[in-house]
Structure formats: structure tokens, C-alpha cells
1. State which entries of LYS96/LYS147; LYS113/LYS133; LYS90/LYS113 exceed 19 angstrom in Cα-Cα distance in the structure shown.
2. For the peptides 58-69, 151-162, 79-90, what is the packing order when you average, over each peptide's residues, the other Cβ atoms within 10 Å and list the highest mean first?
3. Taking the simple approach of a point 7 Å from Cα along Cα-to-Cβ for both ALA66 and TYR164, what is their distance in nm?
4. Each residue of the range 61-70 in turn: what ³J(HN,Hα) in whole Hz from Karplus with 6.51, -1.76, 1.60 and θ = phi - 60°, glycine and Pro shown as x?
5. For ARG126 and ALA98, what is the calculated FRET efficiency with R₀ set at 25 Å and r taken between the beta-carbons, to the nearest 0.05?
6. Taking θ = phi - 60°, what integer Hz values does the Karplus form 6.51 cos²θ - 1.76 cosθ + 1.60 yield along the range 152-157, in sequence order, with x for Gly and Pro?
Amino acid sequence: MSDNLMEKVSAFGERLKIGGAEVGRKMSAGMSSMSFKVKELLQGPNQADKLVEDATAETLDDPDWAMNLDICDMINHEKVSSVELIRGIKKRIVMKSARVQYLALVLLETCAKNCEKAFSEVAAERVLDEMVKLIDDPQTVINNRNKALMLIEAWGESTSELRYLPVYEETYKSLKSRGIRFPGRDNESLVPIFTPPCSVSAPEVDTSLAQQIEHDIPLQSLTAEQTKEAFDVARNSVELLTTVLSSSPQQDALQVLLIYNFSISNYFLVEVLILIR
């Protein structure tokens with residue numbers, strides 16, 4: 001066999017070897033991807049995804065504030081992974097349904113305002129990138145686009161609170177440099193970007209209220225006879241108003257009278273209850 005023929009056979013064998021290795025690599029990658037998808041399918045959505053899906057369901061007419069705040073409470077008490085929940089919100093933001101997008105943005109805003117760790121997770125998961133894509137997408141409805149812009153503006157201008165996460169200011173300035181017009185911040189976005197938990201306990205609030213009532217109403221202002229009279233006046237007033245309202249068709253015209261008389265009755269009741277403590 002000539003040297004030329006040997007070289008051709010050798011080159012052909014090398015090509016077969018390279019081709020076989022490439023096919024094996026692609027098959028291995030394909031099997032790995034399929035394995036991941038099968039595992040994901042069998043496991044189903046995690047708890048965080050399920051919570052987010054329920055809070056951003058397309059069947060909801062308006063945001064479910066009770067559900068949103070429950071989710072925040074679960075994050076703060078570490079009953080659900082904040083990382084997985086922010087990832088779940090990110091998945092919903094990129095969906096094509098306008099309602100799902102809006103509800104996801106509202107949930108994101110609620111979590112950011114009520115969960116201290118939310119801003120770090122939003123930055124780490126690059127949620128702002130998806131919000132910018134939503135803003136740039138010509139098919140995004142104007143309401144959702146404006147909502148995303150208001151959030152980015154509120155976060156971008158909160159440099160003192162979010163100095164440790166420069167991505168918020170950078171994203172905001174990047175949009176402004178491109179000539180993107182912001183719709184202006186609404187009343188909700190003008191409040192602090194993070195609402196700390198209430199530091200006053202319920203008993204303290206009750207005590208403060210009682211002290212204020214005691215300050216406004218002297219404790220010795222009624223005698224025993226006046227106390228009985230106050231009870232009678234309050235009871236008779238409520239009974240009279242109930243009878244009039246139930247028997248008259250002019251409900252709206254009587255509402256002012258109801259509020260006025262009921263306020264007087266409540267004044268007597270509060271004063272009496274304080275006196276007989």
C-alpha cells in the first residue's frame with residue numbers, strides 16, 4: 001500500500017474518531033438536559049412557585065393583598081425561601097399575560113416594601129434586567145410599563161437606603177440616559193421603599209389610647225345618677241336610630257343623622273366605661 005493511500009486512510013480514521021466524540025458529547029448533553037427536565041417535571045413546582053402562582057393568577061381581578069402580605073410574613077419568618085420566591089416572581093414577570101405581569105410587579109413591590117432581604121435577592125437574581133426588557137418590549141401594555149418604570153424610579157432615587165446595591169441607581173440612570181420618560185411617581189411609590197415592622201406593641205397602643213381618653217374626659221365628671229342617665233340616653237338613642245333607619249326608605253338622607261347621633265352616644269358610653277373601671 002502506497003504512502004499516499006496510508007495517509008488518506010489515517011486521515012479518514014481521525015475524522016471518524018473526532019466525529020464519534022462530537023456525537024457522543026452532543027448525546028451526553030442532550031441526555032443531561034432531558035434528565036433535568038424530567039426531574040423538574042416529576043418534582044413539580046416548589047412551595048414558593050405555588051405561592052407566587054396563586055398570588056398572580058390570571059383569574060384575579062385585583063391584587064390579593066391579604067395573600068401578598070401573608071407571603072411577606074412567610075419570608076420574614078423564614079417559612080419560605082426568599083430566593084426561590086423572587087425567582088418565582090421573575091418567571092411571572094416575563095410571561096406574556098398582561099394581568100400576570102402586573103400582579104407579579106405588585107407582588108414584587110409588596111415584598112420589597114415589607115421584607116428586608118428582598119432588595120438583595122432582586123439584585124442577585126437580576127430581576128431588574130427583566131423589568132427593563134418588559135419596558136423595552138413594544139407589546140407591553142402601558143399600565144405594566146408604567147408600573148415597572150415607577151418601581152425603578154423609586155428604587156433608583158433611594159440612593160441612601162440602597163447605596164450598598166448600586167444596580168438600582170445604575171439601572172435608573174441607564175434608562176434616563178436613553179431618554180426613557182418616566183410617568184412620575186404615585187402616592188404609593190412616594191412612601192419609604194421599605195416599611196419597617198411596627199415597634200409599638202398592642203398593649204402599649206391600648207395604654208396610650210386609654211391615657212388620651214382619660215386626658216380628654218375627666219374621671220370625676222359624672223355622678224352615679226348622671227352615669228345611669230348617660231346609659232339610658234345612649235341606649236335610647238341607638239334604639240331610636242335603629243328603628244328609624246329600618247322603617248324609612250330614605251336611607252341616604254338619614255346617614256348624616258346616624259353618624260352625628262351615634263357619635264354623641266359613643267361619647268357618653270366611653271365616658272361611663274372609664275368612670276366605672
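1. Pairs exceeding the cut-off: LYS113/LYS133.
2. Details: 58-69: 12.6, 151-162: 18.2, 79-90: 20.4.
Per-residue Cβ counts within 10 Å, averaged per peptide and sorted highest first, yield 79-90, 151-162, 58-69.
3. Inter-label distance under the simple model: 3.5 nm.
4. 7, 9, x, 8, 5, 4, 5, 4, 6, 4
5. Computed FRET efficiency for ARG126 and ALA98: 0.65.
6. Ordered by residue, 3J(HN,Hα) equals 4, 5, 4, 6, x, 8 Hz.
Read-outs: derived from the displayed coordinates by stated rules, not from any lab. Quantities reported herein were computed from a predicted structural model and do not represent experimental measurements. Don't worry about glycine lacking a Cβ; one is built from the backbone with ideal geometry, like all the others, and counts go over all protein chains shown.
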